[in-house]
Each structure stands twice: as C-alpha cells, then as structure tokens.
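Read-outs throughout are calculated quantities, based only on the coordinates presented, and are distinct from any laboratory measurement. Owing to the predicted nature of the structure, the values given are computational and were not obtained by experimental measurement. Positions of Cβ are generated from backbone atoms using ideal geometry, with glycine treated the same way; all protein chains shown enter the neighbour counts.
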Amino acid sequence: MELRKSDQFREMSEYIDVLEYDKHEEKHAYFIDMMVEMLQIFHKNQGDALLPCKVLELGAGTGIFTKKLAKIPNIQVVAVEIDDKCFQVLQQNLQDYPLVKLVHGDSCTYHHSGEKFNYIFSSFSDHHIKPPEKDNYFQNIKRNLLPDGLFIVGDEFLPPHDPNDQVAWQTALTTYHNHIIEIALQQGETILANLEREALKSGLEKNGDFKVSCSQYEEFLLADGFAFTQKKIGPLNQDDVGGVYVYQAWLPK
C-alpha cells in the first residue's frame, strides 16, 4: 500500500518521542475514561457477543487502545497506522496478539474490496487529519463501514472559536493544551506535560496536529452524511477550555 509521504505530511514521531508517548499517554487527562466510554458503546451495540465481529481501528498509534480491543472475545481487529516509528512500537506491543492484523497504511485510503467492518474506531487520532483531508477521510470510513455499522471516535477538541480568525484559533489551541499541561503538572507527570507542550508547538506550527472545535468536527460529519451523538468526557466543570469527547456516528438508512 502506498503511504502518504508527501512534503505536506509529517509523522508524529518527528515531533514527539514515541517511546515516551507510549509509556505516558494513558495518563493524559480524561484518556482512560474516554476509552472506557468507547468500549461501553461497543458492548452496548454489539448484540450477540458470541458472533464474530469485524473491527477496524484507524490511526492505531503505538497500540494503547488496540490492546484493549484485542482482548475482547470473538472480534477480528485490523489496526492501521501510518507513522513508521509508531508502527514499529505497535508491532512490539501487539506481538502477543497474533490474530490482530496490523497494517502500515493510511487512514484516508485503507480499503480492501469486499471487506467491510461492523465498527470503526479512532482513539486520539482524528486530530492528525488535516481539515482539507477530512472529506477524503470520512469518505473512506463510509467505504469501510457496513450499512448498519458504527464509527466510534474519542478525541481532543478545542473550545468554540472562529477558525478563520488566526488569533482566536491560537488562543483556543493554547487554552486547551495549557489545561491538559496544568493537570499533568499537578499530578507530577512532567514527561507528559512536556509531550503536551510538543503537541501544542506542532499544532501552532500546523505540523501534524490539527485539532478543531466540536462544531467544526460536526460540520465535517454532517457534510459527509453522518448522523451522530456526542458525550463530553472532561472537563465536566468547565466549558471554556474545550475537552475530550466521544462521538458515535452512523449512516442513516
């Protein structure tokens, strides 16, 4: 499979220490609760747990969420990751799960004719897709999703702002990341705080991190024909910093 290796694509491992990320990212504020919610949605909608179920994970990273999927009985997991170094760590982390198919490929183009999935997951991954590529990304999800399938996303979103106002966008991005950095420092997680600072830097430089607000994300979903619901994971006591949300989206019949 041909990978996106254009000058406009920058792998996460070029601005984030992937090994440190793999060790510490699960301590990211709201991340564990986000994954729990994603899995609860899956189990609620799964139906007969004894029947085989095909699952696609896009942007698997180093496999933090992939390992949780791999432990569920009777599901066939395909995990796609484009970053070279992330994929190497993904292979190491999933070596005890030989039934998980690992694909070094692009979430915007991965597809095999005749193969469709009951569920497609994305965990802390969608914000690495550039806004101009969102349509291709969601069109590819539609290509891979069964007619009654479900797309389950957990990700980070910015507070409301005008995306066409450069200052407003920079303020929204900085506000969200500073909130996460503050929590990491309060918990004594200095490495995690530093990782978050690198993510903020890459976002401000538009080099691999392209977070949007919930309203922007929902515009993309609606434009490509998805219906959806969303749930805020945190922070639950603040509305001005953005936060971590879980979306479930589907194609109406």
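Criterion first (under 27 Å from Lys44 (Cβ atoms) and part of a loop (DSSP other than H, G, I, E, B)) does Tyr137 satisfy it? It would help to see each step written out before you state the result.
Working: under 27 Å from Lys44 (Cβ atoms): yes; part of a loop (DSSP other than H, G, I, E, B): no.
The answer is no for Tyr137.
Considering the range 207-241 alone, what residues qualify as being under 17 Å from His127 (Cβ atoms), touching a strand residue (DSSP E or B) at 6+ places or on another chain (Cβ under 9 Å), in contact (Cβ under 8 Å) with a residue 60 or more places away in the chain and not in a loop (DSSP other than H, G, I, E, B)?
Gln216, Tyr217, Leu221, Ile233, Gly234
Could you check the range 29-64 and list, in sequence order, the residues that are part of a strand (DSSP E or B) and over 12 Å from the mean Cα position of the chain (by Cα)? Spell out how you get there, then give the answer.
Initially, the range 29-64 is screened for residues part of a strand (DSSP E or B), giving 53-58.
Cys53, Lys54, Val55, Leu56, listed by residue number.
Is there any pair with a first residue in the range 45-69 that is without any contact (Cβ under 8 Å) to a residue 40 or more places away in the chain and a second that is assigned to a loop (DSSP other than H, G, I, E, B) and β-branched (Val, Ile, Thr) whose Cβ atoms are under 7 Å apart and which are 6 or more apart or on different chains, and what are they?
Thr66/Val100
Given the options Phe226, Phe210, name the one that is surrounded by 13 or more Cβ atoms within 10 Å (Cβ to Cβ), under 27 Å from His43 (Cα atoms) and in contact with a helix residue (DSSP H, G or I) (Cβ under 8 Å, 6 or more places away or on another chain).
Numbers: Phe210 fails: under 27 Å from His43 (Cα atoms).
Just one listed residue meets the conditions, Phe226.
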